[in-house]
Amino acid sequence: MRNKQYSVKVFETTLTDEDQFTSFFNTNYNLFKDYLIVIHGDISQKIQEYLQEKELRFVNNIILPKSQGRKAVEEEIAVQKEQQQQVENELLKLSDRLHNNLKVQDTLVRSGQELTIDGDLLLLNRVNSGATIIANGNLIVTQLVEGSIRCFGNFMMLKASPKANIVFHDVVVDNSLLKERLNRVELKNNEIRITPVLKETTWVM
Amino acid sequence: MGNVIAVISGKGGVGKTTTTANIGLGIALNNKRCVVVDFDIGQRNLDMILGLENRVVYDIVQVMDGEASLSQALIKSKMNDKLYFLAASQTKDKTALQSEKISKLIESLREDFDYIILDAPAGIESGYEHTIEFADAAIIVVNPEVSSIRDADRAIGILDSKSQKVKDGAEVAKYLIINRIDAKMVQSGEMLSSSDILDILGINLLGKVPEDKGIIDASNQGKPIILNPNSAAGQAYKRIASRLCGEDIDMPELETVQGGFLQKIKGIFK
């Protein structure tokens, strides 16, 4: 297969008045003699003879492939860049949420206050009676809880808190199951498991 | 420039007004110019406890509305000439209070007095929010029981979010007074102990006041209990007022029963 590629100058016109057509090409012959003439409309015998006589090359009733102007191309590139930037930003936010989503708070949560956290929460103070904490990530509270807790993360760690109202993934946790200084409540195979965290940590040497 | 202190509690009936009256008089006894302002619009009581019931002509709402001047409305106490009183309106309600007017009133009181004590209404409604709005410090009065503690906790939460000082980025000083402590009930476990209350509320202790039957009679007669040298509660208020005036005074233990001979002997062997 042998291919060749040309860039050809094209003059596109619509044929309505034959006299007007011939007089136009008579006057502008020098300008258009090397052009490919694209004619829309029916070509009569007379016109065809005229074109052949003048040795003008022409095609009839075809739709030309139109390339975009420079400006339009630049605009399209700008739009693409913007979209790419948006995607990158969203990815950045997502990775930020995955890596830096631990909030640490050391002030106590008072009655009537409601704390809603998207990520993980480490709370180093009390949750008083009448306060609410909603954590969509994991939750660790090191002090006594007397308010309400809603946790939707993989696990939460709580002190034994007989007066607290604890809900883990829409399941009410029985306070009497939290016995130790620190207890781990986690979701494993669709089952809530509560394991006490023992005071002594054994290190593997 | 005077110090504006709001006396708050959240729950009603814990002794806010009694505390306000006694602390106000106590500060005046420490030779500081003090004004107590009743912010409980529509339910004034402070005038009775201070024994100034029949002296009220103009009230705080009339001063704020420009119907009376501040000097006309301020009532000098019969018991101490450093103590002044500004009465609440009995006929209007809480909606009569407006932030700009309160701010203006408090600014003019700051110029004349060392201490401005505001008696807040019970609850956490607009009347309470207006009382704490321009306060530099708050005294939280609680009784050693759970409902009082929880309501106080809520009131502190609102104080931390609604006061002008917090909005300006500063912090409102918070002091706790534990009122009506009954040593026997604390020891038997029926009442919360001070350390439990301090753990829950997480603020500094200003003083403890024991339960005292003399308070009712003192209120009825319009003579604050602080004037009675034989009253344990009166002495407690005296210590609190001195602490507010900057003195460093020890906190006596009120939660152990000081009983008879047998218990003293038991105490020795402990």
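The values are calculated or read from the model by the stated rules, or taken from the named source; none is laboratory data. Bear in mind that the values here come from a model prediction, so they are computed numbers and not experimental data. Note that we place each Cβ from the backbone using ideal geometry, even for glycine, and neighbour counts take in every protein chain shown. Just so you know, the surface numbers come from the protein's heavy atoms only, side chains and all, with ligands and any DNA or RNA stripped out. Shrake-Rupley method; radii C 1.70, N 1.55, O 1.52, S 1.80 Å.
Every residue in the stretch B:70-110 that is open to solvent by 80 Å² or more (accessible area, probe 1.4 Å), in contact (Cβ under 8 Å) with a residue 12 or more places away in the chain and in a helix (DSSP H, G or I), please.
B:GLN72, B:THR95, B:LYS104
Can you report the number of residues in the stretch B:193-229 which are under 22 Å from B:SER148 (Cβ atoms) and open to solvent by 60 Å² or more (accessible area, probe 1.4 Å)?
The total comes to 7.
What residue, of A:THR142, A:THR132, is over 16 Å from A:ASN183 (Cα atoms) and at pLDDT 90 or above?
Result: A:THR132 is the single residue among A:THR142, A:THR132 that is over 16 Å from A:ASN183 (Cα atoms) and at pLDDT 90 or above.
Taking the stated definitions as given, is B:ALA21 touching an Asp or Glu at 6+ places or on another chain (Cβ under 9 Å), assigned to a helix (DSSP H, G or I) and crowded, with 22+ Cβ neighbours inside 10 Å?
Spelling it out, B:ALA21 is indeed touching an Asp or Glu at 6+ places or on another chain (Cβ under 9 Å), assigned to a helix (DSSP H, G or I) and crowded, with 22+ Cβ neighbours inside 10 Å.
Looking at the stretch A:134-164, which of its residues are within 14 Å of chain B (Cβ to nearest Cβ) and assigned to a strand (DSSP E or B)?
The answer is A:VAL145, A:SER148.
Restricting to the stretch A:78-114, and then to whatever is surrounded by 12 or more Cβ atoms within 10 Å (Cβ to Cβ) and of a type in the set (A, V, I, L, M), can you tell me which residue is farthest from the other protein chains (Cβ to nearest Cβ)?
A:LEU102
Among helices (runs of 4 or more DSSP H) lying entirely in the stretch B:111-214, which contain 3 or more residues that are more than 14 Å from chain A (Cβ to nearest Cβ) and in contact with a helix residue (DSSP H, G or I) (Cβ under 8 Å, 6 or more places away or on another chain)?
Qualifying helices (runs of 4 or more DSSP H): B:126-133.
Look at A:LEU64 and say whether it is within 48 Å of the chain's Cα centre (by Cα), among the aliphatic types (A, V, I, L, M) and at pLDDT 85 or above.
no
Which of (1) open to solvent by less than 20 Å² (accessible area, probe 1.4 Å); (2) within 14 Å of another protein chain (Cβ to nearest Cβ); (3) among the small types (Gly, Ala, Ser) does A:GLY130 not meet, given it meets every other one?
Checking A:GLY130 against (1) open to solvent by less than 20 Å² (accessible area, probe 1.4 Å); (2) within 14 Å of another protein chain (Cβ to nearest Cβ); (3) among the small types (Gly, Ala, Ser), the one that fails is (1).
From the set of residues in the stretch B:230-245 that are part of a loop (DSSP other than H, G, I, E, B) and not hydrophobic (A, V, I, L, M, F, W, C), which is most open to solvent (accessible area, probe 1.4 Å)?
Once the filter is applied, the top-ranked residue is B:ASN230.
State yes or no: is A:ILE117 free of Cβ contacts under 8 Å to residues at least 60 places away in the same chain, more than 14 Å from chain B (Cβ to nearest Cβ), within 30 Å of B:ILE124 (Cβ to Cβ) and surrounded by 12 or more Cβ atoms within 10 Å (Cβ to Cβ)?
It is true that A:ILE117 is free of Cβ contacts under 8 Å to residues at least 60 places away in the same chain, more than 14 Å from chain B (Cβ to nearest Cβ), within 30 Å of B:ILE124 (Cβ to Cβ) and surrounded by 12 or more Cβ atoms within 10 Å (Cβ to Cβ).
Taking the condition touching a residue at least 12 places away in the same chain (Cβ under 8 Å), open to solvent by 10 Å² or more (accessible area, probe 1.4 Å) and within 14 Å of chain B (Cβ to nearest Cβ), does A:LYS179 pass?
So A:LYS179 does not fit the description; no.
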